[in-house]
Amino acid sequence: MTDILELLDAAGLTGRGGAAFSTAVKVRAAREEGAAVIVNACDGEIGAAKDGYVVEHHLAELVHGAELVASSRGRKVRYAAHRGSATASTLRRAGLDVLETPARYVSSEETALISLASGGLARPMTKRKPFVYGGRDSDGRAVRPTVVLNAETVWRVAQVATHGPAWFRSIGTREEPGPRLVTVTGAVQHPGVLDTEAGTPIADLLDAAAADSRAEHLVIGGLGGVLAPVAAARALAWSTAELAQFGGSVGPGIIDVLDPHRCPVAVVDSYLAFAAGESAGQCGPCMFGVPALSAAWADLLDHRPTPARVEIVRARAGLLPNRGACRFPDGVARFTASALQTLRPHLNAHRDGRCPSERTSGVRSRA
Amino acid sequence: MSAAAPDPRTRTAGRTAAPSRHPELRVDRIACTGHGMCASLLPRQVRLDEWGYPVVDDARVSAADGEVAIRFCPARALYWA
């Protein structure tokens, strides 16, 4: 049998957890370092359901993929899932080694899982170099070489081994080959996980889930993603090249259709209020910066969203990127920037004292 | 950028055994507790946000300056990468 590394290289499989890093490169390093393997089935992003889908419907292939990744020197494989979730129960019933994580936003981040697996807390660690080479946490505690792969990625590894790289590349686009899962949720009649591919029109994904035809906005990729207008998004294909128009990417594969009756400025407010409570409280720029951003956005909702108030939001978001151990603050900044861009007409209406989404009640209060 | 002034970050190793890439000064954000020493020692590259945490405007710090900042950081949060 051809080595799995050659097959993954030829297939061009990239991580399906959001970062889209080459799986072949990651698995090669893991093999060389004798790294422990963690399969991430946490569905940690807001709206995500695809890891649970893989565990529910393709468990045998998932386990096969994990064996291929960790095929020699007796490396152990652990399956990470939120504590108390249906996914965790299914994995445990199958006799697998489950790494149960707290259901917090950052606890399923790569380095947080490695920390938890190493006997630490489920909080991100500073990645001075990739932990596939081993390393130390910020207290100097040794961390053994460990690699984290998303559950869908590991399932795709098994598919590449079974069906071959030519089959894999016959699906998707040249830049983003292979089948990929997309979770469609929110104001849709049929929420769920679609097994689709890059290049599929976003309109087809929305129609397959029977999205509310009155919906005006989508969140693509959750809290680490972007807010986009439905009308513009429907004209695009599901690909990072096209989603770049909104500052987005295919990321972890989530489309959340926002309820057309709810003010989108209020929806963003609830996202950012959630974010403010999800900082692990380790990095100053995140533990102070994200709550400050959330407060600045709340001012847009509670008062007249003047250019000065919008500027405060922009400035606070601008101080988040590249200033945390993990990419949580970077994602929140990207989400906020997209919301400011997409909701400009809506914010202008609020400035004039009306909310286009709410027919009966007006804007919450006036300043 | 002209050919006479290559970007030090992308410079490849030459006969002088220069590093393949000019290392950048990084902050371990978990270790950093906002003493602000780096901003005092590297005023042209580092400023502090309203809570006292460093904003690194330019991570290309000379080896000598960077070493001093690394040595004097009370939280041992600075490193080369």
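We did not get these values from a lab; they are worked out from the coordinates using the rules stated. Only a predicted model underlies this, so the values are computations on that prediction, with no experimental measurement involved. Cβ atoms come from the backbone with ideal geometry, glycine included; neighbour counts cover every protein chain shown.
Springs join every pair of Cα atoms under 10 Å in this Gaussian network model of chain A, and among A:V268, A:V25, A:V77 the largest mean-square fluctuation is at A:V25. Among the chymotrypsin sites (Phe, Trp or Tyr not before Pro) in segment A:225-334, none sits in a DSSP loop with a Cβ that has at most 13 other Cβ atoms within 10 Å. A simple charge model with +1 on the Cβ of Lys and Arg, -1 on the Cβ of Asp and Glu and nothing else charged puts the dipole of chain A at about 980 debye relative to its Cα centre.
Note on segment A:336-357 and segment A:300-315: Cα centroid distance 11 Å, given to the nearest whole angstrom. The value obtained for the protein assembly as shown, namely the Cα convex hull volume divided by the number of residues, is 176 Å³ per residue. The chymotrypsin sites (Phe, Trp or Tyr not before Pro) of segment A:1-80 meeting both criteria, a DSSP state outside H, G, I, E and B (loop) and at most 15 other C-beta atoms within 10 angstrom of the site's C-beta, are A:F21. Under the combined filter of DSSP loop state and at most 15 neighbouring Cβ atoms within 10 Å, segment A:203-281 retains these trypsin sites (Lys or Arg not before Pro): A:R214, A:R262. Structural descriptor for chain A: relative contact order 15 percent, calculated from alpha carbon pairs under 8 angstrom and at least 6 residues apart. Over every Cα atom in segment A:86-183, the radius of gyration and the widest Cα-Cα span, Dmax, amount to 16.6, 47 Å. Taking every residue in B:72-80 and counting other chain Cβ atoms within 10 Å of its Cβ, the average works out to 1. Projecting the alpha carbon convex hull of segment A:171-257 along each direction and taking the average yields 4.7 nm². Projected label points at A:A266 and A:K129, each 7 Å from Cα along the beta carbon direction, are separated by 5.2 nanometres.
Taking Cβ atoms as reference points and 14 Å as the exclusive limit, the residues near B:D49 contribute a net charge of +2, counting Lys and Arg as +1 and Asp and Glu as -1. Can you classify segment A:265-331 as rounded, prolate or oblate using the Cα gyration tensor, where a ≥ b ≥ c are the square roots of its eigenvalues, rounded means a/c under 1.5, and otherwise it's prolate if a/b beats b/c and oblate if not? Taking the square roots of the gyration eigenvalues as a ≥ b ≥ c, segment A:265-331 is prolate. A Cα-only calculation for segment A:216-346 places Rg and Dmax at 14.1, 41 Å. Rounded to the nearest Hz, the phi-derived 3J(HN,Hα) couplings of segment A:176-184 under the Karplus curve 6.51 cos²θ - 1.76 cosθ + 1.60 (θ = phi - 60°) are 10, x, x, x, 8, 8, 10, 8, 10, where x marks glycine and proline. Counting other Cβ atoms within 10 Å as a rough exposure proxy, the listed residues B:S62, A:S85, A:S107 run B:S62, A:S85, A:S107 from fewest neighbours to most.
Residue by residue along B:43-55, Cβ atoms of other protein chains within 10 Å of the local Cβ number 3 on average.
Take each residue of peptide A:281-289, count the partner chain Cβ atoms within 10 Å of its Cβ, and average: the result is 5. Residues whose amide H falls under 5 Å from that of A:V143, counting only those 5 or more places apart or on a different chain, are A:G135, A:R136, A:D137, with hydrogens built in the peptide plane. Between A:P191, A:P145, A:P345, the GNM of chain A built on Cα springs shorter than 10 angstrom shows A:P345 fluctuating the most. What shape does segment B:25-80 have by the C-alpha gyration tensor, where a ≥ b ≥ c are the square roots of the eigenvalues, rounded means a/c under 1.5, and otherwise prolate means a/b greater than b/c and oblate the rest? It is oblate, given that a/c is not under 1.5 and a/b is not larger than b/c. A straight Cα-to-Cα reach below 23 Å connects A:K76 with the lysines A:K26, A:K127, A:K129, residues fewer than 8 places away in its own chain not being considered.
Taking amide H atoms as placed 1.01 Å from N in the peptide plane, the amide H of A:L236 lies under 5 Å from those of A:I202, A:A203, each 5 or more residues away in sequence or on another chain. Over what distance in Å are the Cα centres of segment A:1-20 and segment A:199-223 separated? Segment A:1-20 and segment A:199-223 have Cα centres spaced 28 Å from each other. When chain A is treated as a Gaussian network with alpha carbon springs shorter than 10 Å, the biggest mean-square fluctuation among A:E175, A:E242, A:E278 belongs to A:E175. Once you order the gyration tensor axes a ≥ b ≥ c over the Cα atoms, which shape class does segment A:4-165 get: rounded for a/c under 1.5, otherwise prolate or oblate by comparing a/b with b/c? Here segment A:4-165 falls in the oblate category.
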